[in-house]
1. Can you give me the C-alpha center-to-center distance between segment 1-77 and segment 88-130, rounded to a whole angstrom?
2. Just how large is the dipole of the chain about the Cα centre, in debye to the nearest 20, putting +1 at every Lys and Arg Cβ and -1 at every Asp and Glu Cβ?
3. How far apart, in nm, are two points set 7 Å out from the Cα along the Cα-to-Cβ line at Lys65 and at Asn52?
4. Enumerate the whole-percent occupancy of each 5 Å bin, from 0 to the last occupied one, for all C-alpha pair distances of segment 7-71.
5. Treating the beta-carbon of each Lys and Arg as +1 and of each Asp and Glu as -1, no other charges, what is the dipole magnitude of segment 7-71 about its Cα centre, to the nearest 20 debye?
6. Any idea how far apart Arg17 and Ala140 come out in nm if each label point goes 7 Å out from Cα toward Cβ?
7. Taking one equal scatterer on every alpha-carbon of segment 40-93, how large is log10 of I(q)/I(0) by Debye at q = 0.29 1/Å?
8. How much of the DSSP beta bridge set in the chain is antiparallel, as a percent to the nearest 5?
Amino acid sequence: MIRTICFKERRYIEELRILTRATALDCIIDERFDRIVYLIKEGDMGLAIGRNGSNIRKMQRVLGKRIEMVEYSPEIEKFTRNVFKPAEVFGARKGDDGRLMVYINKSDLGIAIGKGGCTIEKARLLLSRYFETDLGEVLAGDETHA
């Protein structure tokens, strides 16, 4: 899959590389929630976040937008866990309709949805872009769905 990155996105990716020395694979400028979502190369997440989130705070000051980071994984279930962090994901399975069903710890359901649905929207964008899968329902589950 070939993804075209516009000038503004390339600028934001380069800014992340300069400030944190981490590699971003992609950058999504989400005007609706006034944020920038970075997709970080597998293994570079600690470098991107920095000690106690210092790199994220630095990026937010420089760019003037909220920054969110998701670590890439080629496995859809691990990728889904990364998208919904810090909510605990017990499992992710494709339903009969081909959409991805995600099972979240009941106490973490609010975190998984996010304020105004921002986390759900982030998951929808990233899953369709990298796995060509639509996000189905996000359900309260338990270890039996793992």
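A short reminder: the numbers here are calculations on the coordinates, not readings from a lab. In this text the structure is predicted, and so the values were computed from the model without any measurement. When we count neighbours, we look across all protein chains shown, and the Cβ atoms used for this are built from the backbone with ideal geometry, even at glycine.
1. Using only Cα atoms, the two centres lie 20 Å from each other.
2. Result for the chain is approximately 820 debye, rounded to the nearest 20.
3. Simple spin-label model gives 2.8 nm for this pair.
4. 4, 20, 35, 29, 10, 2, 0
5. Taking the Cα centre of segment 7-71 as origin, the dipole is about 360 debye.
6. 4.5
7. -1.12
8. 50
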